[in-house]
Amino acid sequence: MRWFVVAAVLFTSVNAMAQGSAGAMATSCGVTPAEPAATPQQAVFPPGQYPVSLPAASLLGARNDLPNPYQPGADFGQLPAGRKWGSTASVTIAPDNTIWVIDRCGNSGAGGTTCAGASATVNPIFQFDTSGKLLKSFGAGMFVSPHKLTVDQTGSLWVADNGSHQIFKMDSNGRVLMTLGKKGVAGPGVDEFDAPTEVAVAANGDIFVADGHTGGGLAIGNARVVKFDKNGKFIKTWGKKGMGPGEFDVPHTIAIDSRGRVFVGDRQNNRIQIFDQDGKFIAQWFQFGRPSGIYIDKKTDTIYVADSESRDGRTNTGRFALAQTGYGFNPGIRRGIRIGSARDGAVRAFIPDPCPYPYASGSTLAEGVTVDAQGNVYGADFNMDVRKFVPTRSRQTN
């Protein structure tokens, strides 16, 4: 039996009763049916029987053995008839406890022009109640390839479009209130971005942009945080390509805690970096894994970190078919959502990726993460799905 079939059975058993709108890749664990079948020289090991076991903690100190206080994830979000989730890196809670998601217009992939051309008539932005009922959708023709969506404390929406190299501020009905960056222009200027990834908004309205997605592991592309005032006036920027404190390689996600500290998911460096709002370096944390998405509950400073990419080159074929270093390299770690404290960095819980180790080369499980007022966790999957994780202590339904 090929691995992707095993993976599909695994996910189907988890989500048999779910009522969502999962896309074609949702049960694939990153392995596509187009990949060649295994040969006798490429033995496929069933889940749990691969001859290398993950340690209790990764080489960088991320725990694999923490308790999971959540039920298995269930497909979330009732989309319009015929519409299925495309690849997404973004799910976020709004002040009114509604759930917002932006995907790549039903398409699989990242960057490029996933919402352009024939897909320009497809809405990528959705608002749901916590049961998954669709409240509204919009955004057709507005973006080239959207990455993450943020809802600030006033209810305004901020979209980082790494396809157009722009940031959009909108009201909750999709009316554009502000645009930052130059459409189609990737650059290092104070009015330019290179594939921006996410926006965080401070209590005073200051805007922080994680920039950019280009050139993970390479010496190209921006690697910085850009700060603007509430009116979009440039204030400052910090960061450059590198591995030292205050340097970045794919700043993929950004969030602000109750004390106003800025948390940057420095993904290719497998760490979170913490700064004050002037860009002064405070700390770096490796214990949450390779951060694709960060959400911080400002009432409790609980931090949720989605690791969708960590791998070490091993494959289910029993040989090193993937690069043993380079992009995504983070040895000895299980993918999933790690939950802890933004105050002291303690990690207390873990929602593990149900895909079997070793992972395929692509992303699996959540690339974006948020939590609602009832404590339910939501994960946005590159593999074309959104999942809801209900605490095991809860008696509510999905």
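Annotation: T364 fulfils all but one of (1) touching a Cys at 6+ places or on another chain (Cβ under 6 Å); (2) over 25 Å from G106 (Cβ atoms); the unmet one is (2). Residue-level check: of (1) crowded, with 23+ Cβ neighbours inside 10 Å; (2) without any contact (Cβ under 8 Å) to a residue 24 or more places away in the chain, D171 misses just (1).
When region 270-309 is limited to residues that are over 20 Å from G242 (Cα atoms) and hydroxyl-bearing (S, T, Y), the one that is nearest to the chain's Cα centre (by Cα) turns out to be S308. Kindly list, by first and then second residue, each pair from a residue in region 139-152 that is under 12 Å from S172 (Cα atoms) and modelled with pLDDT of 95 or more to a residue that is of a type outside the set (S, T, Y) and outside any strand (DSSP E or B), limited to pairs with Cβ atoms under 7 Å and residues at least 6 apart or on different chains. Within 7 Å, the pairs are G139/N123; G139/P124; G139/G174; V151/A94. Would you check if there is a residue in region 313-336 being crowded, with 16+ Cβ neighbours inside 10 Å, at pLDDT 95 or above and closer than 22 Å to A24 by Cα? Yes; the residues of region 313-336 include at least one that is crowded, with 16+ Cβ neighbours inside 10 Å, at pLDDT 95 or above and closer than 22 Å to A24 by Cα. Tallying residues that are in contact with a strand residue (DSSP E or B) (Cβ under 8 Å, 6 or more places away or on another chain) and over 17 Å from G212 (Cβ atoms) within region 150-178 yields 14. Residues in region 155-175 that are out of contact with any Pro (no Cβ under 8 Å at 6 or more places or on another chain) and part of a loop (DSSP other than H, G, I, E, B): S156, S164, D171, S172, N173, G174, R175. With respect to G132, is the statement that it is at pLDDT 95 or above, buried (at least 19 other Cβ atoms within 10 Å of the Cβ) and over 19 Å from the mean Cα position of the chain (by Cα) true? Answer is yes for this residue. Whenever a residue of region 180-196 is without any contact (Cβ under 8 Å) to a residue 24 or more places away in the chain, its partners that are β-branched (V, I, T), lying with C-beta atoms within less than 7 angstrom and at least six residues away or across chains, give the pairs G181/I167.
Here Q287 does not qualify as in a loop (DSSP other than H, G, I, E, B), polar (S, T, N, Q) and at pLDDT below 95. Among the residues of region 160-195, just one is within 23 Å of the chain's Cα centre (by Cα) and basic (K, R), namely K169. The residues listed here are G30, G77; of these, the one that is at positive phi and modelled with pLDDT of 95 or more is G77. Do we have any residue at all in region 48-56 that's modelled with pLDDT of 95 or more and out of contact with any Gly (no Cβ under 9 Å at 6 or more places or on another chain)? Checked against the condition, which is being modelled with pLDDT of 95 or more and out of contact with any Gly (no Cβ under 9 Å at 6 or more places or on another chain), region 48-56 yields at least one hit.
Among the candidates N107, N123, the residue that is more than 20 Å from F168 (Cα to Cα), buried (at least 17 other Cβ atoms within 10 Å of the Cβ) and of a type in the set (S, T, N, Q) is uniquely N107. Set side by side, the residues K236, K240, K227 differ, and just one is in contact (Cβ under 8 Å) with a residue 40 or more places away in the chain and farther than 28 Å from G139 by Cβ, which is K236. A search for C-beta distances below 8 Å between a residue of region 111-124 that is in contact (Cβ under 8 Å) with a residue 40 or more places away in the chain and any residue that is basic (K, R), counting only pairs 6+ apart in sequence or on different chains, returns T114/R104; C115/R104.
The values are calculated or read from the model by the stated rules, or taken from the named source; none is laboratory data. Predicted model, so just to flag it, every value in this text is computed and none were measured. Here Cβ is always computed from backbone atoms with ideal geometry, including for glycine, and neighbour counts include all displayed protein chains.
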